[in-house]
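Single-structure report; data block below.
Quick note: the coordinates plus some simple rules give every number you see, no bench work behind them. Being a predicted model, the structure only gives us computed values, none of them experimental. Cβ coordinates were reconstructed from backbone atoms using ideal geometry, including for glycine residues, and neighbour counts include every protein chain displayed.
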Amino acid sequence: MKAILYNNSEASSLRIGYAPDPEVGEEDVLIEVAATALNRADIMQRQGLYPPPAGASPILGLEVSGVIIQVGNQVSKWKIGDRVCALLAGGGYAERVSVHQGHVLPVPDHMDLLQAAAIPEVFLTAYQALVELGRLAQGEHLLVHAGASGVGTAAIQLAKKIKAHITVTASKGKHDLCLSLGAHVAIDYKNEDFLEQSLAITKQQGMDVIIDFIGAPYFESNITALNRDGRLIVLAFMGGYQTQGVNLATILMKRLHIMGSTLRARSQTYKTQLVSNFYNFAWSDIDNQIITPVVDSVFSWHDIQSAHQMMEGNKNAGKIIIAIKEQP
């Protein structure tokens with residue numbers, strides 16, 4: 001099959017080549033891929049900073065949409081011809097991918113396959129962070145850093161469903177998007193102090209939940225910005241992962257919960273349960289177009305280099321989609 005390959009850490013090395021067809025296990029489905037979507041993890045893997053888990057495909061790509069063309073002997077949930085999207089541990093930048101049946105979601109009738117490729121990774125990551133780890137409740141204050149990112153735009157919509165008070169950080173040009181999705185306040189992180197703003201918004205009480213992708217530069221301000229019993233969920237280290245001089249007494253005195261989470265290397269059983277929980281929580285809203293994936297742009301996989309460079313330049317608001325198969 002054709003797949004996107006690379007031979008060094010630069011985006012310029014990405015190219016379409018050939019890779020072995022995926023094997024289909026008894027509980028797997030084989031998807032003819034229509035589209036995949038970019039994630040920061042793809043860039044990190046290309047740069048040698050985020051190797052795939054043991055047993056996962058070395059091909060980039062953590063989510064796809066497409067049509068099922070083969071099912072394993074013990075598959076009970078899906079049939080050939082179903083339009084689906086799926087969470088992957090790797091392999092999405094290819095014409096075909098094999099995935100466990102429990103990691104697959106149906107594509108709503110109203111949605112095209114390009115848009116559906118923007119659902120699995122970011123919505124499952126946002127759901128895991130907000131609901132299963134953050135335990136965000138109605139009326140609580142939430143701060144989402146990188147609010148215009150794929151996970152950020154998903155988190156805003158899920159938090160709106162929960163009826164939380166939503167604050168985001170984003171560059172000024174991306175504020176309107178965040179506010180249109182349901183954020184109540186948008187902070188320009190380039191020119192405003194999110195700690196100062198967070199305390200003002202909450203009348204000096206602090207945020208109940210913070211979702212962070214930045215890491216070290218924000219860590220001390222994050223824990224200072226949290227309310228008593230607040231929860232900080234760290235999902236990435238875009239700004240670095242080493243910090244010093246942090247007053248740990250703040251964690252103790254406020255009874256803070258600090259959690260880090262990844263999704264890619266989780267067990268098959270964990271992912272299956274997460275997909276099921278997310279489906280029960282939000283899929284009717286996706287089906288009814290109350291919650292919708294935000295697509296910034298669509299690139300042909302022939303332009304994969306440009307797509308990676310766009311994400312590396314932080315130019316996207318929402319998801320960057322890669323069309324693998326020409327759409328009718």
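Details
- Within the shell defined by Cβ-Cβ distances under 11 Å, the residues around ALA37 carry a net charge of -3, with Lys and Arg each +1 and Asp and Glu each -1.
- A straight line joining the Cα centroids of the stretch 246-276 and the stretch 53-101 runs 27 Å.
- Reachable lysines from LYS79, criterion Cα separation under 27 angstrom, eight or more residues apart if same chain: LYS2, LYS271, LYS325
- Summing charges over neighbours of ALA117, with a neighbour being any other residue whose Cβ is under 9 Å away from its Cβ, gives 0 when K and R count +1 and D and E count -1.
- Value at 222 nm in deg cm²/dmol, rounded to 500, when DSSP H runs of n ≥ 4 in the chain each add -39,500 (n - 2.57): -8000 deg cm²/dmol
- The magnitude of the dipole of the stretch 95-171, with charges of +1 and -1 set on the Cβ of Lys/Arg and Asp/Glu and taken from the Cα centre, is near 260 debye.
- Charge tally in the Cβ shell below 15 Å around PRO53, where Lys, Arg are +1 and Asp, Glu are -1, PRO53 excluded: +1
- Cα centroid separation - the stretch 107-160 against the stretch 193-221, whole Å: 19
- Peptides 10-21, 223-234 ordered by average Cβ neighbours within 10 Å, highest first: 223-234, 10-21
- Dipole of the chain, positive direction: furthest Cα of PRO22, ALA323, PRO53, with charges on the beta-carbon: PRO53
- Label-point separation in nm, ALA56 to HIS257, each point 7 Å along Cα→Cβ: 2.5
- Of the labelled figures (1) 69, 45, 36; (2) 101, 44, 36; (3) 56, 40, 35, only one reflects Cα extents along the principal axes in Å as derived from the coordinates, namely (3).
- For ASP212, ASP188, order by how many other beta-carbon atoms lie within 10 Å, fewest first: ASP188, ASP212
- About the centre of its Cα atoms, the stretch 122-260 shows a dipole size close to 300 debye [charges on the beta carbon of Lys, Arg (+1) and Asp, Glu (-1) only; nearest 20 debye].
- Pairs of Lys residues in the stretch 122-260 that lie 8 or more places apart, or on two chains, and have C-alpha atoms under 24 angstrom apart add up to 12.
- Placing a label point 7 Å from the Cα of ASN277 along the Cα-to-Cβ line, the residues of the stretch 126-164 whose backbone N sits under 13 Å from it are 126-136.
- Between LEU235, THR224, ILE80, the Cα set farthest toward the positive side of the dipole of the chain (charges on each charged residue's Cβ, about the Cα centre) is that of THR224.
- Trypsin sites (Lys or Arg not before Pro) within the stretch 86-184, DSSP loop, no more than 13 other Cβ atoms inside 10 Å: ARG135, LYS163
- Each of LEU5, THR250, HIS103 was placed along the dipole of the chain (beta-carbon charges, centred on the mean Cα), and the one lying farthest toward the positive end is THR250.
- Dipole size of the chain about its Cα centre, with +1 on Lys/Arg Cβ and -1 on Asp/Glu Cβ: approximately 580 debye, rounded to the nearest 20.
- In this calculation the C-beta distance from GLN204 to LYS163 is compared with R0 = 25 Å, giving a FRET efficiency of 0.65.
- With a Förster radius of 41 Å applied to the beta-carbon distance between ASP176 and LYS79, the computed FRET efficiency rounds to 0.45.
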